[in-house]
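The block underneath contains the structure these notes are about, expressed in structure tokens.
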Amino acid sequence: SEGDSPLRRDCEDGEKLQRGIDLARERGVLDPNFVPEQYISIDVLGKTPDQVADEILGTVKERSKGGSGGGLVILCGLSGTGKGTTVATLKSKLETQDGKTVVCWSNGNVFRSLTLLAVTWCEQQSDCDGFDPAKALTSENLASFAGMLEFGKFNGRFDTKICGLGLDLLVSEVQNTVLKGPKVSKNIPTVAEVTQGEVVMFASSAVKQMGEDGIFVLLEGREQTVNYFRTPLRFTLTLSDPSLIGKRRAAQRLAAAALGDVKESSTAEEIEKAMDSQLAMMSSES
């Protein structure tokens, strides 16, 4: 049903991520005995994004003891609990009210950088006909590719440098060109399955550097991966009535579908008729 769909997708995504984490543990990339700091649970039922953000910031300020440094704030939660909106609200409040420099970290470009290196490696092998995962994604090669990524300050700002296999690139300069090219995009899923550990290790070191430099880093993700980032500022957004997640998704679909059947000049009666029509179609699908 519509209500079960987001939860089912979350479960499937979580299982895929966990397989990648388990593989990284087996290969010795991640410590199987690593224990993260405890998560702080926040029930978002009936709360605005501002209220949720203020609750998180209260804990952040309490635990930072009024310090002027940076830090890492991790946000987890099921789809539909408002993680993206909360991150945007946190960023705005930290910047405008507290004068902080804030970075919203994403692992996407790290996966893309590793994929570029794997594809480039294949291009340089005489016995590879296109991208060959079996040959390219060995434990030795993955360790080598990860060693070709460097995070630090380049040209006065934090960036990721790709240096190896003839490549010498800054991610900020190629993230919308080379890293979005077809040879990278089509192979990311295959590479991502086996590089969770390498990406987590690289990213955890990167956000630590930024935090020590006075930057606040906001990281939205799933517990399977963000568990490996050291910080006491980790929060899980929950809904004490989980059925609202599915209801919210259903309402979004209904409104979007009905929008195509009405005009700006439509009356309330016409809008209601369009909603009823789309609701009947959605009901017939289930």
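Which value, in debye to the nearest 20, describes the size of the charge dipole of the chain about its Cα centre when Lys and Arg Cβ atoms bear +1, Asp and Glu Cβ atoms bear -1, and nothing else is charged?
580 debye
Quick one: longest stretch of the chain between exposed loop trypsin sites (Lys or Arg not before Pro), exposed meaning at most 10 other C-beta atoms within 10 Å and loop per DSSP?
On the way: sites that count: K65, K263.
The answer is 66-262.
Find which of C104, G130, L78 sits farthest along the positive direction of the dipole of the chain, computed with +1 on the beta-carbon of Lys and Arg, -1 on that of Asp and Glu, about the Cα centre.
C104
Can you tell me the 0 to 90 degree angle between the C-alpha axis of helix 243-259 and the longest principal axis of the chain, rounded to 10?
80 degrees
On the accessible surface of the range 130-238, probed at 1.4 Å, how many percent belong to carbon and sulfur atoms?
51 percent
What accessible area per residue, rounded to a whole number of Å², is obtained for the range 3-159 using a probe radius of 1.4 Å?
It amounts to 52 Å² per residue over the range 3-159.
Output the relative contact order of the chain, whole-number percent, from Cα pairs under 8 angstrom with separation of 6+ residues.
Values: 369 pairs, mean separation 104.6, N = 286.
Relative contact order here is 37 percent.
State the cysteines of the chain left without a partner when partners are defined as other cysteines whose beta carbon lies under 4.7 Å away.
C11, C76, C104, C163 - these cysteines have no disulfide-compatible partner (Cβ-Cβ under 4.7 Å) in the chain.
Calculate how steeply helix 196-212 sits against the longest principal axis of the alpha-carbon atoms of the chain, using the helix alpha-carbon long axis, and give the answer as 0 to 90 degrees to the nearest 10.
For 196-212 against the chain, the angle is about 90 degrees.
Let a ≥ b ≥ c be the square roots of the eigenvalues of the Cα gyration tensor of the range 139-210; is it rounded (a/c under 1.5), or, if not, prolate (a/b larger than b/c) or oblate?
oblate
Would you please classify the overall shape of the range 35-157 from the alpha carbon gyration tensor, given that a ≥ b ≥ c denote the square roots of the eigenvalues, rounded means a/c under 1.5, and beyond that prolate means a/b larger than b/c while oblate covers the rest?
prolate
Angle, helix 49-64 long axis vs. longest principal axis of the chain, Cα atoms, 0 to 90°, nearest 10?
Once rounded, the angle reads 40 degrees.
The values are calculated or read from the model by the stated rules, or taken from the named source; none is laboratory data. Here the structure is a predicted model, which is why all the values come from computation and not from measurement. So basically every Cβ, Gly included, is an ideal-geometry build from the backbone, and we count neighbours across all protein chains shown. For accessibility, only protein heavy atoms count, side chains too; no ligands or nucleic acids. Shrake-Rupley method; radii C 1.70, N 1.55, O 1.52, S 1.80 Å.
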